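Heads up: the structure comes next, in C-alpha cells.
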Amino acid sequence: MTRFWIGAVIGLLLAFVGLAAQQMGAARQQAIAQSAENATKIALELASAIAEGQAPVTALTQSQGELPPGFRALAISAGARTVLAEINAGGDLAPPRRLTRDEKLYYDLAFGLATALAINVEEGARVRPEINVLAGREQIRAAAPFPRAEGGPGVVVVEGRPAPPSLPLSRSLLAFSAALVGFVLLGRFWPAGQGAKAVALARMFALAAAILGSISGAWVGVLTAAIGGYALALAIASGGVEQAGKTLLKHNFAYAAVSPALLALTLLSFFPMFYGFVLSLTDTTLFNLSQPLLDRFNGLANYGRILGDFQVTTASEGRTLINYGNFYWTLGVTLAWTLTNVTIGVSLGLGLALALNTQGLAFAGAYRTILLLPWAIPNYITALAWKGLFNPQFGAINQLLQAGGLEPVSWFDQFGTAFLTSLAANAWLSFPFMMVVSLGALQAVNREMYEAARLEGASAWRQFWSITLPAIRPALAPSVLLSAVWTFNMFNVIFLVSGGEPAGATEILITQAYRYGIEEYRYGYAAAYSIVIFGLLLLFGLVQAQAGKRAETAR
Amino acid sequence: MNFSKHWPIHLGLIAFIGLAMYPILWVVALAFSGSQDLTLANLPADPTQGDHLAAALPFPERWSLANFSGLMRDLPFLQWMGNSLIVSGLTTLAGIVIACPAAYAFSRFRFPGQRAGLFLFLVSQMYPVVVMLAPLYVIVSEWLRLGDSLWGLMLVYAATAAPFCVWMLKGYFDTIPIEIEESAIMDGVSRPRIFWEIVLPLARPAIAVTALFSFMTAWNEFILAAIFLENQDKYTAPVGLRFLVSDYTADWGYFAAGSILVSLPVAALFFALQKNLV
C-alpha cells in the first residue's frame, strides 16, 4: 500500500507544481505586456519633450517621480564619447571605463537608432520618435530616439522590472483538489492489486490533467506533469524504483562519494552542453529569452546558415572581396593557425631540445630553466604584452624597425601581418612545452645507437633522421596532437593580440563563437556555432583514436 | 665545465634566449619606467634612428617604483588580487573536497556506472569551456542570478576543475597498495574512517600538487571572468589587467607593474611543480 501512496503523492505534487508554474508564467506575461505599454508611453513623451527642447537630457535622471515604481529613465545621445560621459553620469571628466552589459546594450541601441535617425533626416523625412520595446527576462526596455540640434541625436530609454505577480493560488488549489477528489474516488473503487492501482492512478491522473489543462489553457505544463507522474507511477508499480534503490543501498558509500562531483559536473558542464544543443535549434537572442522555448524553435536553420553558406568571396566592382564572417573562411584561418603554430612549436622545441641534449653541455639546466619562463607566465599577460609590442604607433617592434631605417608596419590593418602578430605571440608561449616533451623523449634514446652509427660513418643529419626521429616519434605524437587541440582552441591569444582585426579576418572559430554569443547576443546562433566546433573536435578525436589503433595493430 | 667545446651551441642558445627574453625584459622595463607610455624613452617630434632604438631597448630612462605605488593607490588593484585569491582559493577547496571522495570511489570500488562515470569525467575535459559560453552565461546569470558575482565564477571554475582533480587523484589512489585498507577492514574499521584516517593522509602530497594546479588554473583564467564580472570592484586580477590596456585606456606602466605582481606567485609555483607537468 505504501508504494501506492508514494506514487500518488509524488504524481500529484508534480502536477501541482507544473500548473502553478504555468499560471505564474501567464500572469507574468500579462504584467510584462502592461508595463511595456506604460514604458512605451513614457519614453515617447520624454523623447518628444527633449526633441522640442522642453527638457534637457541630463534632467531625465531626476524625473524618477513620474515613472512607475521600479522604473527609471535614461537619455543617451549618440557619439562614443558623449555616450560614455553620460553613462558615467559623473560629469565630463569621469574616467572612461568598461561598459557593463546593460550599458553596452544602450550604447548599441543609441548607435543604431541615431544612425537610422540621421539617415531619415538626410533623406528629408520628418523625424518622429519611434518606439522600440525590448522585453527581456522580467525586464522592460522601451527606447525612443530623439533628434536634437546640439549634441547629436540620442535615445530615451525607459526601463524597469514590473512588479512580480502573486501566485494565482486559487486556480492552482482548484486544480489540486479536483485531482485529489478524482484520485480518492478511483483509489477507493478500483478492485485490482497494488501495481494495477498505481497504473490506474496514473491514467486517471493524466486524464484529469488533460481536462484541467483544456480548461485553464495551461496545457504544456499540465501535460508534462501528467506524463512525469504517469512514468513515475509506472516505475514504482513495476518495481524499477525498488531495484534501483537496492543497487544504491548496496554501493551506498561509492555513490555518496561520487555524487557531489557528478552533480557539479552535470549542472555546470553537461547540462550547459545539452542546453547549448537545445539553444542551437532556436533563434534565441537576448531579447526573446523570456518567450517560451517552442516559440523560438527554428529547427536546423542556424546550422544551415553556418554550414550552407559557401559564399566565401563576393565580387564587387571588379574586385574580389572576402566575407570574413563566412564559416569556411574562419575554418580555413583556424586550420592554418593550428598548422603553422604546431609546425613552429615543434621545430623550435625540438631544435632547442637537441641543443640542450648535447652531451656534456655546460649550463644545460640553467638554459632549460630560463627557456621555461614563457610557459610559467599566464598566457593572457603574454598576449597583452605582445599586443603592446606590436602597437603600430609606439610598439617596440615598430621602433626597432625604424631604428633599422625601415618603415613602420601597421600590423593590424592587413590579414597577413595581423595573423603574424598572433602567430608570434603563440609561438613564444608554446615552444617551452614542446621543448620539455622533446627533451624527455631524447633522453630516453639509447646512446649506443649513435656510437654504432658514428662507427659506420653516418653524418649528424643522417643520425637525426634515421635514429633520433623514429625513436622519439611515439613519445612526441600524443603531445603534438594535444598541442594541436590547444592551439585550435587558443582563445586568449587571438582575442587579445589581433582581436580578429582587420574586420574579423583573423578570427578563429572559437573567438567567432564568442563574438556571436557574447557581443551580438545571438545565443542560439552562437550555440549552433559552438556545436559545430565541438563536432570538429570530436571528429579529430575519433580520427586520432582510429589512427592510434591502426598504429598499434601495425606494430 | 667545458664551455669552449660547444661554443656554437652556446652561441645559438644565448642568441635565442636573448630574443625570447626580450618581451619579458621589455615588460619589466615598462614596469619600472614610472610612466604609462609604451615607449621606454621620450620620442622627440622628429625622432632619429637612435631615438627609436632607445625607445625600444628594455632600459627605462629612469628607474622608478611609481607604477607599483600608483597601482596600489589609484586603482583597486589590491582588491582585484584579493578577488583572484578568494576565487582561486575557494575553487581549489571546492574542487578538492568534491574530487577526493569521487576519485577514491572510482579507484577502489566496482559499481554499476563506474566506467561510464569515469568516461563522463574524461569527456567533459575534451571540450573547451568557451564552446559552452552562451548556455553557461544564460544559466549562471539569468537562471542562478549569479551574473556579476564571485560566487558564480567560483561555481563554474570548480565544475571545470573537478574532472581534472578526479583524474589526477584517482591515478594516485591507484598506486596506494590496497593491502593497507584490507587489513583495516579486517580490524572492523568503517569505509568512511578508512578513507578519512588512512587514505587521505597517505595521499597528502598528491592532493597538494592537484590543489596547486587547480589554483594556478583558476588564477590564470581570463575569459570566463571577463564575461561574468561587470563591476570594477568585483574584477579578478586578469580582468583588471586587461581593463588597464583596453580600447579606452592604455596605462601600460600600470599594466606592466601589475603583470609582474600577478605573475610572480604563479611563476614560482610553476617552477616548483614543473617536474610534475609532463
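Here, each number is a calculation from the coordinates, and none is a lab measurement. From a predicted model like this one, the values you see are computed outputs, not experimental measurements. Please note: Cβ atoms are built from the backbone with ideal geometry, for glycine as well, and neighbour counts cover all protein chains shown.
Looking at chain B as a GNM with Cα springs under 10 Å, which of B:41, B:105, B:268 has the largest mean-square fluctuation?
B:268
For a Förster distance of 56 Å, can you work out the FRET efficiency between the beta-carbons of residue A:413 and residue A:363, rounded to the nearest 0.05?
After rounding to 0.05, the efficiency reads 0.85.
What three numbers, in Å, describe the spread of the alpha carbons of region A:323-516 along their principal axes, ordered from the longest?
59, 40, 29
Tell me which of A:351, A:429, A:416 sits at the most positive position along the dipole axis of region A:323-516, charges placed on C-beta atoms (Lys, Arg +1; Asp, Glu -1).
Value computed over the given set: A:351.
Let me know the mean shielding of A:384-390 by other chains, meaning the per-residue number of their Cβ atoms within 10 Å of its Cβ.
Mean partner shielding for this stretch: 6.
Using mean Cβ contacts within 10 Å as the protection proxy, how do A:475-486, A:275-286 order, highest first?
Packing order, densest peptide first, comes out as A:275-286, A:475-486.
Given N residues in chain B, what is Rg(Cα) / (2.2 N^0.38 Å)?
Against the empirical 2.2 N^0.38 Å value, I get 1.31 for chain B.
I need the helices of chain B that pass two filters: whole DSSP H segments spanning 27 Å or more by Cα along the axis, and mean Kyte-Doolittle score no lower than -1.0. Spell out each step's value before the answer.
On the way: long enough: B:7-31 (34 Å, 1.88); B:77-108 (46 Å, 1.12); B:150-175 (36 Å, 1.04); B:252-273 (30 Å, 1.79).
Taking the DSSP H segments of chain B (at least 27 Å long, mean hydropathy at least -1.0), we get B:7-31, B:77-108, B:150-175, B:252-273.
Which of the residue pairs A:250/A:549; A:549/B:275; A:41/B:234 have a Cα-Cα distance greater than 32 Å in the structure shown?
Pairs exceeding the cut-off: A:250/A:549; A:41/B:234.
Hey, what did region B:225-278 get for relative contact order, percent, Cα under 8 Å, at least 6 apart? Each step should come with its number before you reach the end.
On the way: 21 pairs, mean separation 11.1, N = 54.
After rounding, I find 21 percent.
Which shape class applies to region B:75-195: rounded if a/c is under 1.5, otherwise prolate when a/b exceeds b/c and oblate if not, where a ≥ b ≥ c are the square roots of the Cα gyration tensor eigenvalues?
Prolate.
How far apart, in nanometres, would the label points at residue A:447 and residue A:246 be if each is projected 7 angstrom from Cα along the Cα-to-Cβ direction?
With each label placed 7 Å out from Cα toward Cβ, I get 6.5 nm.
Which whole number gives the average, over all residues in B:137-145, of C-beta atoms from other chains lying within 10 Å of the residue C-beta?
Whole-number average of other-chain Cβ neighbours for B:137-145 is 4.
Which of B:211, B:20, B:161 ends up with the largest GNM mean-square fluctuation for chain B, with Cα atoms connected below 10 Å?
B:20
For the pair residue A:454 and residue B:202, how long in nm is the line joining their label points, each one 7 Å along Cα→Cβ?
4.7 nm
About its Cα centre, what dipole magnitude does region B:194-278 give when the only charges are +1 on Lys and Arg Cβ and -1 on Asp and Glu Cβ, stated in debye to the nearest 20?
320 debye
In the P(r) worked out for region B:48-126, what percent of Cα pairs fall beyond 20 Å?
Tail of the P(r) past 20 Å holds 66 percent of the pairs.
Hey, fewest Cβ within 10 Å first, where do A:329, A:428 land in order?
Going from sparsest to densest Cβ surroundings: A:329, A:428.
What's the Cα-based Rg to Rh of region B:129-216, Rh via Kirkwood?
Answer for region B:129-216: 1.17.
Just grab the label-to-label distance for residue A:542 and residue B:186, each label 7 Å out from Cα along the Cβ direction, in nm (one decimal).
Here the answer is 5.1 nm between the modelled labels.
Find, among the trypsin sites (Lys or Arg not before Pro) in region B:58-156, those assigned to loop by DSSP (not H, G, I, E, B) with at most 13 other beta-carbon atoms within 10 angstrom. Don't skip to the end; give the middle numbers.
Numbers: sites: B:62, B:73, B:108, B:110, B:115, B:145; in loops: B:62, B:110, B:145.
Listed in order of number, the matching sites are B:62, B:110, B:145.
Report, as a whole number in µm² per second, the diffusion coefficient that Stokes-Einstein gives for region A:401-555 at 4 °C and 1.567 mPa s using the Kirkwood radius over alpha carbon pairs. Provide the component values of the computation, followed by the final result.
Values: Rh = 19.2 Å.
Roughly 67 µm²/s, to the nearest whole number.
For the pair residue A:466 and residue B:274, what calculated FRET efficiency results from E = 1/(1 + (r/R0)^6), where r is the Cβ-Cβ distance and R0 = 30 Å, to the nearest 0.05?
Once the sixth-power term is evaluated, E becomes 0.40.
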